[in-house]
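Data block below; observations after.
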């Protein structure tokens, strides 16, 4: 399946976006029938849903999918267990909606106009900023990606595809530089993207393990090291 294919699911947040099919052609996803409902009760339900997903994303990033219970999540938000189940009937449905949001974020990055891409230094800065190992986005991606090694993880295929999508996002930016001779000949943009994202995921784990045991003063700031790693694939 093409890494640009995110049109298989219902777009909960961006029904107007032009999602792409496997062959790269535009596909208009189905829009929920109640998408135009702006009644107070509907708006409250949507706000509550987003509150649940915010809390779930934070909990999954810290504890993993299997380390979070629906009851604990409801207690964290301050609602009853039945109240949470009114919005999401199962923990798997919560996870699915969290991944929906991650896919929306990835789709936004795929939709960026490559013709407007900046030069070498700006591209490096943009990649490092987006893939900051300490950010909530990358912490969540790394945790769910690691959960995917278990056959009991219900969204392992979507997590794996999401990783491929992010590899593709990085590859596209490096391929743009390669057209102007900005990538070292011995490294393909695809290889550089896979290697860089693997390093990002490793650093995200390191931020939660090794970093917690370090003193305040240290010389291994992850963003700086990611920049140096990315520069290994590029010409001056």
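FYI, it's all coordinate maths here, none of it is from the lab. Because the structure is predicted, anything quoted here is derived from the model rather than measured. Don't worry about glycine lacking a Cβ; one is built from the backbone with ideal geometry, like all the others, and counts go over all protein chains shown.
Order 134-145, 67-78 from most to least packed using the mean count of other Cβ atoms within 10 Å.
Highest mean packing first, the order is 134-145, 67-78.
Return an integer: the convex hull volume of the alpha-carbon atoms of the range 150-205, in Å³ per residue.
On the way: hull volume 4.8 nm³, N = 56.
Convex hull volume per residue, Cα atoms: 86 Å³.
For a protection proxy built on the mean count of beta-carbon atoms within 10 angstrom, sort 55-66, 204-215, 81-92 highest first, please. Show your work: numbers first, answer last.
Working: 55-66: 18.8, 204-215: 12.7, 81-92: 14.5.
Per-residue Cβ counts within 10 Å, averaged per peptide and sorted highest first, yield 55-66, 81-92, 204-215.
Roughly how large, in nm² to one decimal, is the mean projection of the convex hull of the alpha-carbon atoms in the range 99-236?
Working: hull surface 36.6 nm².
About 9.2 nm², averaged over all directions.
May I ask for the distance between the Cα centers of the range 42-97 and the range 186-215, given as a whole number of Å?
First find each Cα centre; the distance between them is then 29 Å.
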